[in-house]
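Heads up, the thing below is written out as structure tokens.
Derivation of every value follows stated rules applied to the coordinates shown; laboratory data play no part. Keep in mind that this is a model prediction, so the values were computed, not measured. As a convention, Cβ positions derive from the backbone with ideal geometry for all residues, glycine included, and neighbour counts pool all protein chains shown.
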Amino acid sequence: MIAVKKLKKMLEKYDDNYVVALSSDSEGNGYSFLCEIEDNAVFNSSGEYIGIRELTSDLIDRGFSDEDLADKKSSNKNAIILYP
């Protein structure tokens, strides 16, 4: 698991004009370009589940529903989701 602080450090050596792509798996069997970052997310303390913290009108318009909301627990940690 990589936190934002570490990701920033890892990326600082690259030119600002590089394009960011996401691999579909650890073997690089497919790629998609990074198109969006969602910061309205949390994961549980074991890291097994990532979900939406709060349902917004934008997320509803994009097809998200109450089923996508994370259980509200004090042990949840904030997260960002990178979307292709």
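Please list, in order along segment 21-34, the HN-Hα scalar couplings obtained from phi with the Karplus expression 6.51 cos²θ - 1.76 cosθ + 1.60 (θ = phi - 60°), rounded to whole Hz, x for Gly and Pro.
These are the phi-based 3J(HN,Hα) values: 10, 10, 7, 6, 7, 5, 9, x, 7, x, 9, 9, 7, 5 Hz.
Could you tell me what % of all Cα pairs in segment 37-84 have separations over 18 Å?
Numbers: 267 of 1128 pairs.
Within segment 37-84, distances greater than 18 Å cover 24 percent of Cα pairs.
List the GluC sites (Glu not before Pro) within segment 1-71 that DSSP assigns to loop and that have no more than 10 neighbouring Cβ atoms inside 10 Å.
Passing sites in segment 1-71 are 12, 27, 48.
Within the chain, which trypsin sites (Lys or Arg not before Pro) sit in a loop by DSSP and count at most 15 neighbouring Cβ atoms inside 10 Å? Please report the intermediate quantities before stating the final value.
Values: sites: 5, 6, 8, 9, 13, 53, 62, 72, 73, 77; in loops: 13, 53, 62, 72, 73.
Of the trypsin sites (Lys or Arg not before Pro), the ones in loops of the chain whose Cβ has at most 15 other Cβ atoms within 10 Å are 13, 62, 72, 73.
Could you give the length gained on full extension between residue 48 and residue 20, defined as 0.36 nm per residue of separation minus the Cα-Cα distance, in nm?
Here the segment from residue 48 to residue 20 would lengthen by 7.6 nm.
Which of the lysines could a cross-linker span from residue 13 if the Cα-Cα distance has to be under 26 Å and same-chain partners fewer than 8 positions apart are dropped?
Of all the lysines, those that pass the test against residue 13 - Cα under 26 Å, at least 8 places apart if same chain - are 5.
Using a Förster distance of 30 Å, how high is the FRET efficiency between residue 75 and residue 37, based on the Cβ-Cβ distance and rounded to 0.05? Before the final figure, lay out each step's value.
Details: r = 24 Å, r/R0 = 0.79.
Taking R0 as 30 Å, the efficiency between residue 75 and residue 37 is 0.80.
Assigning unit charges at the beta carbon (Lys, Arg +1; Asp, Glu -1) and nothing else, what dipole magnitude in debye, to the nearest 20, does the chain show about its Cα centre? Each step should come with its number before you reach the end.
Details: 10 positive and 16 negative charges, 114 e Å.
Computed charge dipole of the chain: roughly 540 debye.
Relative contact order of the chain, please, whole-number percent, based on alpha carbon pairs below 8 angstrom and at least 6 residues apart. Don't jump to the answer; show the numbers that get you there.
On the way: 101 pairs, mean separation 26.2, N = 84.
Result for the chain is 31 percent.
Per the helix-only calculation at 222 nm, which mean residue ellipticity applies to the chain, given -39500 (n - 2.57) for every DSSP H run of n ≥ 4 and division by its residues, nearest 500 deg cm²/dmol?
Taking each H run of at least 4 residues, the total per residue is -3500 deg cm²/dmol.
So I have (1) 13, 20, 10, 9, 9, 12, 19, 7, 1; (2) 21, 55, 22, 1; (3) 15, 39, 35, 11, and one of them is P(r) over Cα pairs in 10 Å bins from 0, in percent calculated from this model. Which one is it?
Evaluating P(r) over Cα pairs in 10 Å bins from 0, in percent on these atoms matches (3).
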